[in-house]
Amino acid sequence: MDTSTVTQPRRAERLVTGQPTQDGAGVKLTRVLTHDLQQRLDPFLMLDNFASDDPKDYGAGFPSHPHRGFETVSYMLTGNMRHKDSAGHEGLITDGGVQWMTAGRGVIHSEMPEQNDGVMEGFQLWLNLPGKDKMCPPWYRDIQSPEVPEYTTGADAAGVGVRVRVIAGVSHGVTGAVQREATQPLYLDIIFPEGGGSFSQPLPAAHNAFIYVYRGQVDVAGKPVARQRMAILANEGDGVTLQASGAARALLIAGRPLREPIAQYGPFVMNTRDELIQAVEDFQNGRLA
Ligand code: CO
């Protein structure tokens, strides 16, 4: 059985342009998944893309700050970022590596660049936790680049095809670095070669999904999606088919919606306002982490 067949591909329901913003101690970044899309793209809360070769844009990093109630997934394309947290974890993510952190009941951490020049490029995705898990113990894993599962599909006679890195979920029979039962996240980095190519991924229609193109151009069911655009995929059909006529790279991110109330105050994401007030009090009183 070919588990990668898609016969009714999803359409691109809407194209979204990211918002330039700053976070941390003044890191310039593009917020791709913004607050107003949290319901539509449940269980995903945020996606940031940082990309600069100017240390003034990233050098100040993200000094000590708290999180509660969700997970952060950092994917570094190029550069070095050191993480330290209140649970005693420390690690360096570098070119092609991933850091997956479950904040649960609370983490205070810093994320600081470990370079003074050169390119820093990558992503941070926020993935919600179901209410029953929001106060779970924190969890953390560094996944260095060679440990990120990947495969090549649709290879030509010369062996050149579409390269797919499976950060989370399962794709074409390849199990990704991280699995989550409640949200069933799929997180793929899809790399089209010079000659372009086609890539299909089955998806349950109920799962919310989007792509973010960060190199070249990718077509979704005939609709061109330019670089630095997110395409929200309609909840229909049996999967998604992406095509590129030249070199291109895109993230494909999908997950099972939690369908719970989302209450956010900065770095705290809970179900109710009372839980947010509790989080702020816990942080102020030194009880968060
Ligand atoms: Co953080």
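Summary table below
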| read-out | value |
| --- | --- |
| Identity of the residue in region 260-288, part of a loop (DSSP other than H, G, I, E, B) and β-branched (Val, Ile, Thr), that ends up most open to solvent (accessible area, probe 1.4 Å) | THR272 |
| Entirely in region 12-102, the strands (runs of 3 or more DSSP E) that have 2 or more residues that are at pLDDT below 95 and of a type in the set (Gly, Ala, Ser) | 44-52 |
| Residue match in region 26-38 (condition: within 15 Å of the ligand (Cβ to nearest atom), within 25 Å of ARG229 (Cβ to Cβ) and open to solvent by 40 Å² or more (accessible area, probe 1.4 Å)) | yes |
| Condition check for ASP53: open to solvent by 50 Å² or more (accessible area, probe 1.4 Å), in contact (Cβ under 8 Å) with a residue 12 or more places away in the chain and either away from the ligand (no atom under 16 Å from the Cβ) or within 16 Å of the chain's Cα centre (by Cα) (or both) | yes |
| Hits in region 105-119 - residues which are within 28 Å of THR183 (Cβ to Cβ), open to solvent by less than 50 Å² (accessible area, probe 1.4 Å) and not β-branched (Val, Ile, Thr) | GLY106, HIS109, SER110, GLU111 |
| Count of region 139-180 residues which are within 29 Å of SER86 (Cα to Cα), of a type in the set (A, V, I, L, M, F, W, C) and touching a Ser or Thr at 6+ places or on another chain (Cβ under 9 Å) | 2 |
| Candidates GLY173, GLY154, GLY159, GLY131 - the one that is modelled with pLDDT of 95 or more, among the small types (Gly, Ala, Ser), more than 28 Å from LYS28 (Cα to Cα) and surrounded by fewer than 16 Cβ atoms within 10 Å (Cβ to Cβ) | GLY173 |
| When residues of region 242-259 are limited to those that are assigned to a loop (DSSP other than H, G, I, E, B) and open to solvent by less than 60 Å² (accessible area, probe 1.4 Å), the one nearest to ASN208 (Cα to Cα) | PRO257 |
| Pairs, first under 20 Å from ARG163 (Cα atoms) in region 225-252, second assigned to a strand (DSSP E or B) and among the acidic types (Asp, Glu), C-beta under 6 Å, six or more apart | GLN243/ASP219; LEU251/ASP189 |
| MET270, sole failed condition from (1) free of Cβ contacts under 8 Å to residues at least 12 places away in the same chain; (2) within 22 Å of VAL73 (Cβ to Cβ); (3) of a type outside the set (D, E, K, R) | (1) |
| Selection from region 198-224 of residues that are open to solvent by 30 Å² or more (accessible area, probe 1.4 Å) and part of a strand (DSSP E or B) | SER198, PRO202, ARG215, ASP219, LYS223, PRO224 |
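The values are calculated or read from the model by the stated rules, or taken from the named source; none is laboratory data. Treat the numbers as computed from the prediction; the structure is a model and nothing was measured. For neighbour counting, all protein chains shown are included, and Cβ atoms are generated from backbone atoms with ideal geometry for every residue, glycine included. The accessibility values were calculated without ligands, DNA or RNA, using every heavy atom of the protein model including side chains. Shrake-Rupley method; radii C 1.70, N 1.55, O 1.52, S 1.80 Å.
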